[in-house]
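Participant: Take this structure, written in structure tokens, and hold onto it; I'll ask about it next.
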Amino acid sequence: MRVLVTGAAGFIGGWTVKELRKKGFDVIGTDRVAGSSIISADITDLAQVLKVFSASRPDAVIHLAAISGSTGKNEVEQSLRQPHSNFLVNVLGTVNVCEACRLTGVKKLLYMSSFAVYGRTGKDRLPITEETPVALEHAYATSKFMGELAVKTYSGDFGIKSAIFRAPFIVGENQNEMNALKEFIHSALNDGELVVFGNGAHVREFIHPEDLVDAYTKAIDYLESSEKDCELFVLGNTPIKMNDLAEQIISLVGKGRIVYRGASDRAFDQYSDYSKARRLLGWNPKFGISAIVNRMVSADQAMLGG
């Protein structure tokens, strides 16, 4: 099967291309900037997208290209700085990918959304499921949800079988983008402060990209016989308290120290019930948080030469 991956030069895209090829898929990668075995295409330009689709004729598309919600800073602040880019790339880009699917006859489309659409989740909205109401608190969250709506519309109107994924933090070795786990590891390796918000008792989930790609491949198979035009899947893992995560990293690295900040709107629980993905896709994460931390620390230590 031939699969086209947009955003192939990114962290998730790179893992997706690599893992799909390991599994025997014929993979075409595209991104805004061409690279080794990556075709250059700007998803905000329909003509460029159509050119790639027409030349490659994929059986399925995994749409990952997007403006990220956060690069280690508060995602609300990120969105306030670049609202136009969020909507241009994440909404128009997704519409262009859907339109290219329609015009070239692609019948399977996977779209990567985000837990950002849920906003700050309180106890009355946990665990997160596919039915949990969205709370669009900034441009990035809104843009990703609008992308979902575009995928659903094209699926219903033009018979494109699609799967939409919402996932928590996606983390792994050799990741450049900063996030809570990456920042903790970076700080510990430099014998610095691991900043934990609130009292650190709030929980988060983390997924390794290999598990994410496993969900993609299972979804491609599932769409073959699905009676629905579009399915939404929440992914997750075993949640961990942020202070426990920080302590685990400090223990593994052998240095670093925890610093607690006062009450913050970032110190809220967020964890999922991904039973639908288990039931319909047969998906379960293979990498728990300890395995993910070990792999990331080892990779970063090797990069530092120690």
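Participant: Hey, could you get me the Stokes-Einstein D for the range 1-146, Kirkwood radius over alpha-carbon pairs, 4 °C and 1.567 mPa s, rounded to whole µm² s⁻¹?
Facilitator: Values: Rh = 16.0 Å.
D = 81 µm²/s.
Participant: In addition: Can you give the convex hull volume per residue for the Cα atoms of the range 210-256, as a whole number of Å³? Kindly include the intermediate steps, with their values, before the conclusion.
Facilitator: Details: hull volume 4.6 nm³, N = 47.
Per-residue hull volume (Cα only) is 97 Å³.
Participant: If I fit a long axis through the Cα atoms of helix 209-223 and take the longest principal axis of the Cα atoms of the chain, what angle between them do I get, 0 to 90°, rounded to 10?
Facilitator: The angle comes out at about 30 degrees.
Participant: Taking the Cα atoms of the chain, what is the range of coordinates along each of the three principal axes, in descending order and whole Å?
Facilitator: 55, 46, 39
Participant: Need one number: convex hull volume per residue for the range 125-271, Cα atoms only, in Å³.
Facilitator: Dividing the Cα hull volume of the range 125-271 by its residue count gives 130 Å³.
Participant: Of S68, S225, S155, which has the largest mean-square fluctuation in a 10 Å C-alpha GNM of the chain?
Facilitator: S225
Participant: Using square roots of five times the C-alpha gyration tensor eigenvalues, list the equivalent-ellipsoid semi-axes of the range 5-69 in whole Å, biggest first. Provide the component values of the computation, followed by the final result.
Facilitator: Details: eigenvalues 60, 44, 19 Å².
Ellipsoid half-lengths, sorted descending, are 17, 15, 10 Å.
Participant: Relative to 2.2 N^0.38 Å, what does the C-alpha radius of gyration of the range 110-192 come to as a ratio? Two decimals please. Provide the component values of the computation, followed by the final result.
Facilitator: On the way: Rg = 16.2 Å, N = 83, 2.2 N^0.38 = 11.8 Å.
Expressed relative to 2.2 N^0.38 Å, the Cα Rg reads 1.38.
Participant: Under a 5 Å amide H to amide H cut-off, with H placed in plane at 1.01 Å, what residues pair with V195 once short-range neighbours are removed?
Facilitator: Residues meeting the amide H criterion: V259.
Taken together, the values in this text are just the output of simple stated rules run on the coordinates, not laboratory data. Only a predicted model underlies this, so the values are computations on that prediction, with no experimental measurement involved.
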